[in-house]
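K.L.:
Got a structure for you, questions after.
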Amino acid sequence: MEIFVRFLFVFRIMSKLFYFFLLIVLYSQTSIAQANEGNKKIESFLKSKTFLKKIHQESPVTFYCQCKYNANKPNWESCGFRPRKDKKRASRIEWEHVLPASYFGIKFNAWANGHPLCVSSKGKIFKGRKCTEKVHELYRYMQADLYNLQPAIGEVNGIRSNYQIGEIEGEERKFGKCDIEIKNKKVEPTPKIRGDIARTYLYMEQTYPQYVKFNQSIKKLIIRWDQEDPVDAWECKRAILISNIQGNTNRILQNRCSNKIKIGNTNLNIKKTDQNDKIDKGK
């Protein structure tokens with residue numbers, strides 16, 4: 001009888017320990033799932049642009065050149081911008097993927113190899129971005145993720161293409177005073193937005209780890225840029241506005257902004273000068 005009582009006592013303790021560790025495992029898995037939770041609301045890139053136009057009414061400034069803009073037209077004089085070749089495209093605002101869509105799109109099989117559904121009405125087979133967008137729901141959500149989109153002067157967006165970020169020797173500028181260098185399929189942005197780019201890359205890698213993974217060279221670069229160019233008021237406010245629309249929290253920015261602006265406070269009051277500090281104060 002005594003042996004049975006002891007066995008029952010040990011069994012109860014072991015059961016409690018088992019459930020305790022089970023809760024820890026489940027909690028960890030939930031935390032990981034939450035950390036990797038991306039855009040699951042906006043499937044259309046066109047809708048993303050509509051949302052972003054409203055969000056950026058609070059800070060109508062182009063990303064790469066720091067030009068002010070009104071509606072869909074950049075004010076070149078506000079930043080000393082000069083068109084390089086395509087004056088027509090330089091006269092409009094386009095919504096740029098900070099991490100190029102091709103970087104994660106090519107990880108989908110349809111990008112390189114096509115798909116049986118990717119046949120035009122004339123019987124022509126197609127692949128690439130158009131095919132991937134047609135057949136992969138996850139790609140459409142990734143492509144439409146608001147955190148990875150910024151307003152840019154059309155010509156700059158076009159010449160920037162899908163080139164990888166980096167640091168280029170010298171200061172050869174081909175867009176007037178706009179501080180961006182593009183050479184040998186590499187893009188060097190102004191120091192004022194390098195942290196913004198780095199944190200966008202980190203967000204995309206954390207949120208879509210199956211499709212976004214950087215090599216050590218790029219990882220070291222974005223970690224350094226993140227440190228050298230801390231968050232500003234507008235970057236944090238923008239994250240709140242996007243979270244309210246898209247539904248998922250950018251945990252990279254949540255961590256960076258926690259000591260400056262409390263993410264989730266939709267009544268946050270940011271002065272106009274703070275929103276434009278990248279222009280007026282050089283960030």
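K.L.:
Answer yes if at least one residue in region 228-244 is within 17 Å of residue 166 (Cβ to Cβ), assigned to a helix (DSSP H, G or I) and more than 16 Å from the chain's Cα centre (by Cα), and no otherwise.
P.N.:
Taking every residue of region 228-244 in turn, at least one turns out to be within 17 Å of residue 166 (Cβ to Cβ), assigned to a helix (DSSP H, G or I) and more than 16 Å from the chain's Cα centre (by Cα).
K.L.:
A further question follows. Taking residue 80 as meeting all but one of (1) in contact with a helix residue (DSSP H, G or I) (Cβ under 8 Å, 6 or more places away or on another chain); (2) surrounded by 14 or more Cβ atoms within 10 Å (Cβ to Cβ), write down the number of the exception.
P.N.:
(1)
K.L.:
Among the residues of region 152-207, count how many are under 15 Å from residue 80 (Cβ atoms) and either β-branched (Val, Ile, Thr) or not in a helix (DSSP H, G or I) (or both).
P.N.:
12
K.L.:
Regarding region 131-141, can at least one residue be identified that is modelled with pLDDT of 95 or more and within 30 Å of residue 179 (Cβ to Cβ)?
P.N.:
No, because not a single residue in region 131-141 is modelled with pLDDT of 95 or more and within 30 Å of residue 179 (Cβ to Cβ).
K.L.:
Could you look through region 188-219, keep only residues that are in contact (Cβ under 8 Å) with a residue 24 or more places away in the chain and more than 17 Å from the chain's Cα centre (by Cα), and pick out the one that is nearest to residue 64 (Cα to Cα)?
P.N.:
To start, the set of residues in region 188-219 that are in contact (Cβ under 8 Å) with a residue 24 or more places away in the chain comprises 189-204, 206-212, 218.
Then drop every residue that is not more than 17 Å from the chain's Cα centre (by Cα), which leaves 190-191.
On the way: 190: 7, 191: 10 Å.
In this case the residue turns out to be 190.
K.L.:
Next up: Only residues in region 94-110 that are among the polar types (S, T, N, Q) count as the first member; pair them with residues that are assigned to a loop (DSSP other than H, G, I, E, B), Cβ under 8 angstrom, at least 6 apart or cross-chain, and list the lot.
P.N.:
102/162; 109/115
K.L.:
Only one of (1) buried (at least 22 other Cβ atoms within 10 Å of the Cβ); (2) within 20 Å of residue 48 (Cβ to Cβ) fails for residue 108. Which number is that?
P.N.:
(1)
K.L.:
Residues that are at pLDDT below 50 and of a type in the set (S, T, N, Q): does region 32-55 have at least one?
P.N.:
Applying the first criterion (at pLDDT below 50) to region 32-55 yields 32-35.
If we keep only those that are of a type in the set (S, T, N, Q) too, we end up with 34.
Checking region 32-55: at least one residue is at pLDDT below 50 and of a type in the set (S, T, N, Q).
The values are calculated or read from the model by the stated rules, or taken from the named source; none is laboratory data. Here the structure is a predicted model, which is why all the values come from computation and not from measurement. Don't worry about glycine lacking a Cβ; one is built from the backbone with ideal geometry, like all the others, and counts go over all protein chains shown.
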